[in-house]
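Structure first, commentary second.
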Amino acid sequence: MKLTTKREDLVSKLSIVSRAVSTRAATQALSGILLTASGGRVTLSATDLDLGLETALDAEVESEGSALLPGRLLAEVARSLADPTVEIETRESEHDVEIRSGGSSFHLRVLPAEDFPKLPAPGEEPGLKIPAKELGASIDLVARAASRDDMRPVLTGVFVAASGSEMTMVATDSYRLAVKRTELDSELGGEIDANIPARALKELGRILSSEGVGE
């Protein structure tokens, strides 16, 4: 694998997926971020088995491949780079990845990629299209009421029901209750009825606010 990208883009995307990197897992692979260059596309992936995040990185791919790198260390190295252009290349014989930027060069040992869990792929059917502004506002108001007690895991989620042009979110920790009903300007194109982990929705809310997406 060999690719060239911008430091700013690399740091931004790493800040997203790093939030799913495990800091306490017995499996070393869960502490890593998987870089995959395939079909002219580069993705960054991380998971702690409770939450998985994957994002695309704008880059010029010279050769395809993948490498699992220590997540926290990779993010620190990316932030320390001074040059706007970054080159990342795997060195099979050395079992590491070389990161070059300006006059700086770093070598990171790769982790066993075969131990990294395969993240679920989106289905072929089109999903719901929800305006990001309304979705983010509902998450911000409701998710804070969800329980943090893993002894009652059902209460650590946010119940999301949406169909037609209406979306409802409900969360409770058994002491307080938050309910938000939202009338949308357009049809959702489907329906959902699920209890979604509050942590996952909070991360989604952060991504919506930082990426400036429309839906």
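Annotation: per residue accessible area for the chain equals 58 Å², rounded to a whole number [probe 1.4 Å, protein chains only].
Straight-distance candidates among the lysines for linking to K118, with alpha-carbon spacing under 18 Å and chain neighbours fewer than 8 residues away dropped, are absent.
Give the cross-link partners of K180 among the lysines, using a straight C-alpha distance below 17 Å as the criterion and excluding same-chain residues fewer than 8 apart. Partners found: K133, K202. When a 1.4 Å probe is rolled over the protein heavy atoms, the share of accessible surface on segment 67-126 that falls to carbon and sulfur comes to 50 percent. For K6, the aspartates and glutamates whose Cα comes closer than 20 Å to its Cα, not counting residues fewer than 8 places off in the same chain, are E54, D58, E60, E62, E64, E76, D83, E87, E89, E98, E211. Residue by residue, segment 169-183 carries 3J(HN,Hα) couplings of 10, 9, 8, 8, 10, 6, 10, 9, 9, 10, 10, 9, 9, 10, 8 Hz when phi is fed to the Karplus relation 6.51 cos²θ - 1.76 cosθ + 1.60 (θ = phi - 60°); x denotes Gly or Pro.
Taking the longest Cα principal axis of the chain as reference, the axis of helix 198-211 is set at about 70 degrees.
Amide H contacts for I196 (H built 1.01 Å from N in the peptide plane; partners 5 or more residues away or on another chain; cut-off under 5 Å): V158, F159, V160. For the chain, what does -39500 (n - 2.57) per DSSP helix run (n ≥ 4), summed and divided by total residues, give at 222 nm, in deg cm²/dmol to the nearest 500? Dividing the helical sum by the residues of the chain leaves -6500 deg cm²/dmol. Principal-axis analysis of the Cα atoms of the chain puts helix 132-142 at an angle of about 70° to the longest axis.
The values are calculated or read from the model by the stated rules, or taken from the named source; none is laboratory data. Given the structure is predicted, the values throughout are model-derived calculations rather than measurements. All accessible areas refer to the heavy atoms of the entire protein, side chains included, with ligands and DNA or RNA removed. Shrake-Rupley method; radii C 1.70, N 1.55, O 1.52, S 1.80 Å.
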